[in-house]
Amino acid sequence: MVHSEAAAADVLVAGAGPVGLTAAAELRRRGISCRIVDRLPARLPYAKAVGIQPRTLEIWDRMGFVRAALEAAVPMRGQLTYVNGVEQPRLDLVLPPEVPYRFAALPQYETERIIEGFLEGFGTRVERGSELVSFVQDADGVTCRLTTPAGEEEVRTRFLVGCDGAHSVVRKGLGLAFEGGAFPEEYMLADVELDWDLPYGYAVRAMHHDAGGAVDDVLVCIPLPGACRYRVSMSVPPELSTAAPTGADAVAHGLEGGRAPELRHIQAVVDRMSPQPATASALRWSSVFRISHRLVDRYGRGRVFVAGDAAHIHPPTGAQGMNTGIQDAWNLAWKLALAVEGAGAPGLLASYDAERRPVGQEVVGRTVRQAAEGVQADPEDADTLMMRQAQLLVGYRGSPLVQADPDDGDGAGAGPRPGDRAPDCGGLSGHIAAYPMRLYDLLRGREHMLLLYGPGPELDGLAELASVVRGHAPGRVEVCAILAEAGPEAEADAGRAAPVPVYRDGRGEFARMYGVREPAAFVVRPDGYLGARLCPPTLSGLEAHFSAVFGSGS
């Protein structure tokens, strides 16, 4: 066995799907040494997870590569539904105008290509054909055993992140419970072209109900980049059906090898279920898959963590799985970076489970319910349902890492609260740029950001607040001021009074979106969530919040 001390890293990521790549890319973007291994010799050319939620695009914006994704993806405008051949009301995917991104579709291999290219910009490549087979952790680190093309290798690392899928070696090595169940049905997936003339950018869901009202046949088509190209899913024919795997460790979830449907199998379902005559052609890939629903009892132990399918699996309804996993990885990565640098408070890493496991639990429950009853069965108004499907309502209220929601009197019921997603807004102007900016332009690529809001040209105590923040976490928190009304002279005076960037909320969008009329302070975390909201800003409030994140010695 080769002992690879020279090739050791602060973090080892097992699995190079979208979740593992996100974790590695975010760690490297923060300057943390990282290795990422994957047992496959090459990226798979399969259009598995294809739905990209608006929240994921916000994450990629913050990381710095959203443009590549936008140029490669196609828009998801809505869904056309047919029951027993009868068209149902059209579902249009509509979001409020202040949300910067809409729904998109992108094959998983393209998502992986884009993130992998971004990761390589930091000098880190996926180690293909290398698999984590076991690990042992102690108080100081994790000893990992790998099988690689060159043989066995033992690697010492400070932390291990398991993004190695539904059959995770990391999850099993931690001894985590993975409770849930499996759906008895099998399905076919395929990547084909369909020569119909249905509206561009719309998914198609065609169902057949038997005499008792149960669904006994289904065809789902998700648009992909390319003319008339779709990823289709449908019930498997009897000739391709097999028994589900059994055994204590069996997890019946994902693609199954050895049974690739042919174009004739796809065409038979299209002939039965398509809302208009269509021919399937140009078969690029096909497979049979099963669906389970499971959730781990905890997202990590000690120095080892799980994310994505290693932590939660569920039906693909609403394209929630990959997107939820990407958010797992992002939430964990910025906390690991602080821990590696010795700058995190003692409870920082424990907050990963506290924040993300409730999200996984909600997503598993919701997708199982929607798979059985349909998306429209959720007891929410249409606007709330759309925001939830876009993952824009994911939040961490009550997390030990965010400020307790204060009863701040004036405006207490308006705007986002600590633990909520920090919304975007437009109409911000600075001293030099002659065009309006978005708030997300100010946040892109940054760590913790303290936004100080004032309704006029002055912000009392700005210099003192900025000094306290910088003293608590040197180089880890940036500060900027947003003024409601100020001319160029007043902005310049404010900038001279406190050496922080000053922007003007000329259209009042920040005040409206954040529900403020009086001086206020907002701490935006690296993952785009509010860590604290202080109305009015206080030194003690800021000190208490940053102590929970960075500890008292940072």
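The values are calculated or read from the model by the stated rules, or taken from the named source; none is laboratory data. Bear in mind that the values here come from a model prediction, so they are computed numbers and not experimental data. Methodologically, a virtual Cβ is constructed for each residue, glycine included, from the backbone with ideal geometry; neighbour enumeration extends over all protein chains shown. Side chains included, ligands, DNA and RNA excluded: accessible areas come from the protein's heavy atoms. Shrake-Rupley method; radii C 1.70, N 1.55, O 1.52, S 1.80 Å.
A few remarks follow.
- Qualifying residue in the range 270-282 (condition: touching a Lys or Arg at 6+ places or on another chain (Cβ under 6 Å), within 18 Å of residue 82 (Cα to Cα) and at pLDDT 90 or above): no
- Contact annotation: residue pairs with Cβ atoms under 8 Å, 6 or more positions apart or on different chains, pairing a residue in the range 329-342 that is of a type in the set (Lys, Arg) with a partner that is modelled with pLDDT under 95, are 335/344.
- Within the range 389-405, considering residues that are surrounded by fewer than 19 Cβ atoms within 10 Å (Cβ to Cβ) and out of contact with any helix residue (DSSP H, G or I) (no Cβ under 8 Å at 6 or more places or on another chain), the one modelled with the lowest pLDDT: 405
- Restricting the range 127-147 to residues that are open to solvent by less than 20 Å² (accessible area, probe 1.4 Å) and either among the hydrophobic types (A, V, I, L, M, F, W, C) or free of Cβ contacts under 8 Å to residues at least 24 places away in the same chain (or both), the residue that is farthest from residue 336 (Cα to Cα) is 146.
- Residue selected from the range 303-325 under the condition hydrophobic (A, V, I, L, M, F, W, C) and within 17 Å of residue 14 (Cα to Cα), by the criterion most open to solvent (accessible area, probe 1.4 Å): 322
- Considering residues of the range 465-479 that are under 30 Å from the mean Cα position of the chain (by Cα) and among the aliphatic types (A, V, I, L, M) only, the residue surrounded by the fewest Cβ atoms within 10 Å (Cβ to Cβ): 473
- Residue in the range 113-129 that is under 25 Å from residue 382 (Cα atoms) and in a helix (DSSP H, G or I) present: no
- Here the condition is being farther than 28 Å from residue 387 by Cα, of a type outside the set (Lys, Arg) and within 16 Å of the chain's Cα centre (by Cα); of 16, 23, it holds for 16 alone.
- Residue list for the range 148-170, filter: open to solvent by 40 Å² or more (accessible area, probe 1.4 Å) and either on the phi > 0 side of the Ramachandran plot or free of Cβ contacts under 8 Å to residues at least 24 places away in the same chain (or both): 149
- Checking 177, 227, 211, 182 one by one, the residue that is among the small types (Gly, Ala, Ser) and open to solvent by less than 50 Å² (accessible area, probe 1.4 Å) is 177 and no other.
- Residue under evaluation residue 298, criteria (1) closer than 17 Å to residue 217 by Cα; (2) outside any helix (DSSP H, G or I), criterion not met: (1)
- When the range 185-208 is filtered for residues that are in a strand (DSSP E or B) and either surrounded by fewer than 13 Cβ atoms within 10 Å (Cβ to Cβ) or not charged (D, E, K, R) (or both), the ones remaining, listed by number, are 187, 188, 189, 190, 192, 194, 202, 203, 204, 206, 207, 208.
- Qualifying helices (runs of 4 or more DSSP H) (wholly inside the range 1-101; at least 3 residues being crowded, with 21+ Cβ neighbours inside 10 Å): 18-29, 54-63
- Test: residue 354 is of a type outside the set (Phe, Trp, Tyr), surrounded by fewer than 20 Cβ atoms within 10 Å (Cβ to Cβ) and in a helix (DSSP H, G or I): yes
- Test: residue in the range 326-342 that is farther than 18 Å from residue 399 by Cβ, touching a His at 6+ places or on another chain (Cβ under 9 Å) and crowded, with 24+ Cβ neighbours inside 10 Å: no
- Yes/no for residue 106 being buried (at least 16 other Cβ atoms within 10 Å of the Cβ), in contact with a strand residue (DSSP E or B) (Cβ under 9 Å, 6 or more places away or on another chain) and modelled with pLDDT of 95 or more: yes
- Qualifying residue in the range 76-85 (condition: free of Cβ contacts under 8 Å to residues at least 60 places away in the same chain and closer than 24 Å to residue 384 by Cβ): no
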